[in-house]
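Read the structure below first, then the notes.
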Amino acid sequence: MISEVKIYGKYLRMHLLSGMEYKGWWLMLIQVFVVVVTDPISTVLLFSRFGNIGEWTVAHIILVYALAVASFGLAESLCRGFDYFPWQLLRTGEFDRLLLRPRSLFVQVAASRFHLHRLVRPATGICAVVWALSELEVPLSPRNIAILVMALAGGCIMYCGVFVLTSGVAFFTVKGLDWIYLFTNASYQVTRCPEPYLPQALKSMFSFLLPMLFISFYPAATVCGWDYPAWPGYLALPAGAAFLGCALLVWRIGVRHYKSTGS
């Protein structure tokens, strides 16, 4: 296990150094920063024009939204290889080479891609979380910090599971994987809507099919003391791990049924 972690770190360091060889690498950081910052502007403008929705202020929305975005950004940064897997490794036959190496397939695929500019999203999301908590006058006590860290870790694990699930399904479909964006970009956009106003179908979908609310809304509710039970706020890690476990099962089934390209 330790050796695999070291190999993963070496992969990321290699990608990082190679990416920084380009003189304009920092321009991508600015581009992603602008995209991430401007993304929730429509929500801010709506609240500034029409006011609060009941007890929900823009700080409430930004807190839940930022937790989901930061979690997605961490997974996108650390498990990027699975996002590229169906097109860059499976369809080209490069996956055959990975099978010949006496190392973990998960580590090899996860670390096959790493882009420094992707770290801008989680960094910006964490800054937005801190801002929202200050606006809501919520202290950063050790308990609250622990809940938020578990939420980010659980969210990262959950979104890694989404990428792994995509790769597992790709063994059988190869194409037609655009529906998976419902579980990535579309999922954290749902957090712009206050949870009490979400349709029951979406609540069930993003609680039990994809436990997105367990890594964003419920931790925020527990930290801020909203009128919800506190115990769901502690379930981010178990929920994320359970989803990743199911995704790994699909991945292993796909690997077991994989047929070499013969190249």
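The values are calculated or read from the model by the stated rules, or taken from the named source; none is laboratory data. Keep in mind it's a predicted model, so treat the numbers as computed, not measured. Ideal geometry is used to build each Cβ from the backbone, glycine not excepted, and the neighbour counts take in all protein chains shown. Areas reflect the complete protein model, heavy atoms only, side chains present, ligands, DNA and RNA absent. Shrake-Rupley method; radii C 1.70, N 1.55, O 1.52, S 1.80 Å.
Key figures
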{"item": "Most to least accessible of R192, R143 (protein chains only, probe 1.4 Å)", "result": "R143, R192"}
{"item": "Cα principal axis extents for the chain, largest first, Å", "result": "61, 43, 35"}
{"item": "Estimated FRET transfer efficiency (F33, Y258; beta-carbon r; R0 51 Å; 0.05)", "result": "0.85"}
{"item": "In order through the stretch 244-256: 3J(HN,Hα) via Karplus (6.51 cos²θ - 1.76 cosθ + 1.60), integer Hz, x for Gly, Pro", "result": "4, x, 5, 5, 5, 5, 5, 4, 5, 5, x, 4, 5"}
{"item": "Helical mean residue ellipticity (222 nm; -39500 (n - 2.57) per DSSP H run of 4+; nearest 500) of the chain", "result": "-20000 deg cm²/dmol"}
{"item": "Per-residue SASA entry for C160, accessible area with 1.4 Å probe, Å² rounded to 10", "result": "20"}
{"item": "Protein-only accessible surface order, largest first, of K23, K6, K203 at 1.4 Å", "result": "K23, K6, K203"}
{"item": "For the chain, built as a Gaussian network whose Cα springs stay under 10 Å, the top-fluctuating residue of F50, F163, F217", "result": "F50"}
{"item": "Where no second cysteine Cβ lies under 4.7 Å, the cysteines concerned in the chain", "result": "C127, C156, C193, C224, C246"}
{"item": "Label-point separation, E135 to S204 (7 Å along Cα→Cβ), nm", "result": "3.3"}
{"item": "Net charge of neighbours whose Cβ lies under 15 Å from the Cβ of P194, counting Lys and Arg as +1 and Asp and Glu as -1", "result": "-1"}
{"item": "Overall Cα dimensions of the stretch 1-74, principal axis frame, Å, largest first", "result": "52, 35, 10"}
{"item": "Under 14 Å, Cβ to Cβ, from D227 - net charge with Lys/Arg +1 and Asp/Glu -1", "result": "-2"}
{"item": "Most to least accessible of I147, I30 (protein chains only, probe 1.4 Å)", "result": "I30, I147"}
{"item": "Surface share of carbon and sulfur [accessible, 1.4 angstrom probe, percent] for the stretch 104-193", "result": "70"}
{"item": "With every protein chain in place, the stretch 201-263: carbon and sulfur % of accessible area (1.4 Å)", "result": "68"}
{"item": "Choice from M150, M212, M20 showing the highest fluctuation, given a GNM over the chain with Cα pairs closer than 10 Å", "result": "M20"}
{"item": "The chain - accessible surface per residue (Å², probe 1.4 Å)", "result": "51"}
{"item": "Between the stretch 1-52 and the stretch 100-137, the Cα center-to-center distance that results, in Å", "result": "8"}
{"item": "With Cα atoms, 0 to 90° folded angle of helix 120-135 axis to the chain main axis", "result": "20"}
{"item": "Residue-by-residue Karplus 3J(HN,Hα) for the stretch 142-152, coefficients 6.51, -1.76, 1.60, Hz, glycine and proline x", "result": "x, 5, 5, 4, 4, 5, 5, 5, 5, 5, 5"}
{"item": "In Å², nearest 10: area of S260 left accessible to a 1.4 Å probe", "result": "80"}
{"item": "Positive minus negative residues near V162 (Lys, Arg vs Asp, Glu; Cβ under 11 Å)", "result": "-2"}
{"item": "Whole-angstrom Cα spans of the stretch 119-263 along principal axes, big to small", "result": "61, 31, 26"}
{"item": "Interatomic Cα distance distribution for the stretch 1-132, bins of 5 angstrom, percent", "result": "2, 10, 15, 16, 16, 13, 10, 7, 5, 4, 2, 0"}
